[in-house]
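Undergrad: Questions regarding the structure given below will be posed in turn.
The values are calculated or read from the model by the stated rules, or taken from the named source; none is laboratory data. Every value quoted in this text rests on a predicted model; they were computed, and no experiment measured them. Here Cβ is always computed from backbone atoms with ideal geometry, including for glycine, and neighbour counts include all displayed protein chains. SASA here: full protein model, heavy atoms, side chains in, ligands and nucleic acids out. Shrake-Rupley method; radii C 1.70, N 1.55, O 1.52, S 1.80 Å.
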Amino acid sequence: MKYIIFFSLIFACLNFPLNAKNSPNVVIIICDDLNDSVEGMGGHPQALTPNINRLIKSGVRFTNAASNVPICGPSRASLWSGLHPISTGLYGGNQHKERWYQNEILKSKKTLFEVFTSQGYQNFSTGKIHHNGHQKLDIFKNIDGSSGWGSYPNFGPLPNDGKEENFRRGILPPWWPENERVGGWGDGFGPLQDLSVHGEEYGWTMFYNGEPWEYREGHNRDLMPDEIHADEAVEFLSKVYEKPFILTIGFSRPHSPWYAPQEFFDLFPLDEIKLAPHLKDDLDDCAKILAVDKDLAEPWGWYKYSKIIDNGGLDKLKRWTRSYLACVAFVDAQVGKVLDAIEARNDADNFLIIFTSDHGYHMGEKDYIFKLTPWEESIRVPLVISGPNVKRGEECKNPVSLIDIFPTCIDFANIEESHPLDGSTLRPLLENPKYGIWGGPDFSLAACGSQIKSDLHKPALAQNQHFSIRTKQFRYIRCRNGEEELYDHYTDPNEWNNLNESSFHKITLNSMRKRLDKALDNAIR
């Protein structure tokens, strides 16, 4: 008996669940700025993602999944904490300065990684997990003191000219015609190539730190950051561990600037490129605070679109679209490396694998190329999950969101939450995608930060934000000034016809208002 008590005390001190060895390994792959341009997701029809499609065939794809706040920093803070922005007040009004760990709600809550390591899991994470500059490496540490961290993300490589003012951020591609050279480093796109033929002796450099990145010839080049993160994940997966583990890989592509190896551009002949669906004067029936006042925390999307159309026209938009698709195909290849490494393991059938993105991205719809809007293109994300007892090759149309990933992970791992979570486990939908009964609502809720800046250390006010709700059929938008939009996705998947003044849809409009009002009752302010 005394030995039983002794070992029980050891396990209690380590907070190590007795059933941890029977729990699945968890792998989360998250991309940056990836919309539904994925095979099987109903996005861009020319998308080529054979490796993500492998995962789709082995699991469930959620075709109505949403980001809870479609901008990098707040989205990832919400995902890794399991708390919705309406609970924390982190909406992204000042995302580059508002660190998640300075938020008065989030700073006292354990992240997904800390919850797993505290209950017996081994952790390894690499790439863009939180927003750039918002990484806090202590949260990745393992119980044995090992760091659990790989390497930082980087948006490079970038063309550079060696001038001091361009040292950290690079320049636009030197191969662009002079009349198209409008914008900054983040507007660049095209295949990796030898810059010396353009008279650029300085070549490629990495974003921000200005370190040289060498392109030699063809495949003879330095690795891109996402390739490094994939290799680190493969190396981690090549080893055997006594504990189950959680592995998280954050890929930067297809985030701007859109550079990728030439072979991925070759997949998309320029003369065959199709543009995203576009309606002239699409913004005319949208909320004026958005369409006219551009009241978004980062309203760059309209300017990015204008810079392309005004300085190269539809031909340049086609070249940009090709670059986006090439970057998606490039990141798909990195996903393939990770999947290959999992499949090579003896315990490959005991993996919960989650693939997603932090938010979507407009490709010219509503004259916009960016994220942060309350519309479908910005909020909708790819979400694919495979694992033990998960149905294979099935689709789930239920509205779900990134906030549901945290509770899903701890459910499959059979560990306990450290604080009440806002989402619901997706297990019932993974086991029965069409008829499963789950604990979540019949809608997803996204919040979009406005231009009203918040105090750096205090939660932003809910009444200063724009909100977007998505059910199976409808999207409802309410702006901070009360303006509304309503779209029927059964008849209008492109959100071209705002039904907010339709007498036929009054009942629907009222029901959507009630959903939002009820959800916002949980807001802290």
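Undergrad: Output the residue which, of all residues in the stretch 201-255 that are in contact (Cβ under 8 Å) with a residue 60 or more places away in the chain and basic (K, R), is surrounded by the fewest Cβ atoms within 10 Å (Cβ to Cβ).
TA: Residue satisfying both the conditions and the ranking: K243.
Undergrad: Could you name every one of the helices (runs of 4 or more DSSP H) located completely within the stretch 63-122 that has at least 2 residues being in contact with an Asp or Glu (Cβ under 8 Å, 6 or more places away or on another chain) and over 14 Å from H419 (Cβ atoms)?
TA: Where helices (runs of 4 or more DSSP H) fall fully within the stretch 63-122 and carry at least 2 residues being in contact with an Asp or Glu (Cβ under 8 Å, 6 or more places away or on another chain) and over 14 Å from H419 (Cβ atoms), they are 72-81.
Undergrad: Which residue out of D488, D492, D517 is of a type in the set (D, E) and open to solvent by 50 Å² or more (accessible area, probe 1.4 Å)?
TA: The unique qualifying residue is D517.
Undergrad: Moving on. Within the stretch 422-449, count every residue that is among the acidic types (D, E) and either closer than 19 Å to L79 by Cα or open to solvent by less than 60 Å² (accessible area, probe 1.4 Å) (or both).
TA: Selection size over the stretch 422-449: 1.
Undergrad: Is it true that some residue in the stretch 384-397 is hydroxyl-bearing (S, T, Y) and in a helix (DSSP H, G or I)?
TA: no
Undergrad: Still on this model: Does any residue of the stretch 59-75 turn out to be more than 17 Å from the chain's Cα centre (by Cα) and touching a residue at least 40 places away in the same chain (Cβ under 8 Å)?
TA: Checked against the condition, which is being more than 17 Å from the chain's Cα centre (by Cα) and touching a residue at least 40 places away in the same chain (Cβ under 8 Å), the stretch 59-75 yields at least one hit.
Undergrad: If only one of D404, D411, D422 is without any contact (Cβ under 8 Å) to a residue 24 or more places away in the chain and in contact with a Leu (Cβ under 9 Å, 6 or more places away or on another chain), which one is it?
TA: D411
Conditions tested, residue by residue: (1) crowded, with 20+ Cβ neighbours inside 10 Å; (2) within 19 Å of the chain's Cα centre (by Cα).
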{"position": "N350", "(1), (2)": "no, no"}
{"position": "H362", "(1), (2)": "yes, yes"}
{"position": "K371", "(1), (2)": "yes, yes"}
{"position": "E376", "(1), (2)": "yes, yes"}
{"position": "R380", "(1), (2)": "yes, yes"}
{"position": "V390", "(1), (2)": "yes, no"}
{"position": "E394", "(1), (2)": "no, no"}
{"position": "D411", "(1), (2)": "no, no"}
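Undergrad: Now for a different question. When you scan the stretch 184-191, do you find a residue that is open to solvent by 10 Å² or more (accessible area, probe 1.4 Å) and farther than 25 Å from D266 by Cα, even just one?
TA: yes
Undergrad: Sort out for me the strands (runs of 3 or more DSSP E) sitting completely within the stretch 154-213 that have 2 or more residues that are within 28 Å of the chain's Cα centre (by Cα) and of a type outside the set (V, I, T).
TA: Output list reads 158-160, 189-191.
Undergrad: Just give me the residues in the stretch 450-481 being assigned to a loop (DSSP other than H, G, I, E, B), open to solvent by less than 70 Å² (accessible area, probe 1.4 Å), closer than 20 Å to P70 by Cα and modelled with pLDDT of 95 or more, in sequence order.
TA: Matches in the stretch 450-481: S450, Q465, T471, C479.
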